[in-house]
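Chemist: Got a structure here, written out as structure tokens. Questions coming.
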Amino acid sequence: MKLIEALKKVKYLQKKADDIKEKIGKHSADLDYETPVYADQRSQVTSWIQGYTDILKDISHLQYAIQKTNLEKQVKIKLGDNVVEKSITEWILRRRTLAKQELSMYKMLTDKNLREGNVQFSGGQVVPAKIRRYYDPVERDKKLEELTTEPHEIDATLEIVNATTDLID
């Protein structure tokens, strides 16, 4: 089974479990003057409970296999001038949070609206003022561009990986 198939099956099983849970809630009890919906309602509810439990076991097994695959499968992605290799789990974390955090840090590298020119102090003294940057603007701009496109590169690669990677059991 491919990784994408397992992900879709988990989603399907979750929906199926929700449907069974709803049936259990609807048919688990009634008043003695009502006519039961099923000939042997107790057996039907017991069957649904067993089915629900079996589905949860299937979901647990699939989720374990998905996580194991995500931890063990190494994926190479070209980012900027570099090819970086990480596990699927690391790429997912990078995509969801870390790339955004790094991008926001690089956006903090600014001139803070400072202006160069002459500054006059209260004693009348005039001093030329130049901005001192403690970062390389060219390198910052390059990193901003890379980090802006990185989520797309990760998404595109992981989409292919999910479709072609066999689930590790």
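Chemist: Under a Cβ-only charge scheme (Lys and Arg +1, Asp and Glu -1), can you give me the dipole magnitude of segment 1-127 about the Cα centre, in debye to the nearest 20?
Modeler: 600
Chemist: Taking the Cα centre of segment 74-164 as origin, sum charge times position over the Cβ atoms of Lys and Arg (+1) and Asp and Glu (-1), and report the length of that vector in debye to the nearest 20.
Modeler: The dipole of segment 74-164 has a size of about 400 debye.
Chemist: Identify the chymotrypsin sites (Phe, Trp or Tyr not before Pro) of segment 19-122 meeting these criteria: DSSP loop state and at most 11 other C-beta atoms within 10 Å of the C-beta.
Modeler: Answer in residue order: Y33, Y38, F121.
Chemist: Could I have the simple spin-label model distance between M1 and V138, label points 7 Å from Cα toward Cβ, reported in nm to one decimal?
Modeler: My value for the distance between the label points is 5.3 nm.
Chemist: Give me the mean projected area, in nm² to one decimal, of the convex hull enclosing the Cα positions of the chain.
Modeler: 19.0
Chemist: Over the Cα atoms of segment 3-72, what Rg and Dmax result, in angstrom?
Modeler: Gyration radius and largest Cα-Cα distance of segment 3-72: 16.2, 58 Å.
Chemist: Follow-up question, since we're still on this one. Find, among the trypsin sites (Lys or Arg not before Pro) in segment 39-109, those assigned to loop by DSSP (not H, G, I, E, B) with at most 10 other beta-carbon atoms within 10 angstrom.
Modeler: Passing sites in segment 39-109 do not exist.
Chemist: Would you tally the net charge around I20, using a Cβ to Cβ cut-off of less than 14 Å, leaving I20 out, and scoring K and R as +1, D and E as -1?
Modeler: +1
Chemist: Then there is this: Please check: in the Gaussian network model of the chain (C-alpha springs, under 10 Å), which one of L147, L158, L56 has the largest mean-square fluctuation.
Modeler: L56
Chemist: Another question, then. If the viscosity is 1.567 mPa s and the temperature 4 °C, what translational diffusion coefficient in µm²/s does Stokes-Einstein give for segment 74-164 when Rh comes from Kirkwood over Cα pairs?
Modeler: Here the translational diffusion coefficient equals 81 µm²/s.
Chemist: For segment 103-169, with the dipole built from +1 on Lys and Arg beta-carbon atoms and -1 on Asp and Glu ones, taken about the Cα centre, which of V126, L144, I160 lies farthest toward the positive end?
Modeler: V126
Chemist: Separate question: Once R0 is set to 45 Å, what does the formula 1/(1 + (r/R0)^6) return for the Cβ-Cβ distance between K11 and D81, expressed as a FRET efficiency to the nearest 0.05?
Modeler: 0.75
Chemist: Which residue fluctuates most in the GNM of the chain (Cα springs below 10 Å): P151, P137, P128?
Modeler: P128
All of the numbers you see were taken from the coordinates with simple rules; none came from a lab. For clarity, every value in this text was computed on a predicted model and none was experimentally measured. For neighbour counting, all protein chains shown are included, and Cβ atoms are generated from backbone atoms with ideal geometry for every residue, glycine included.
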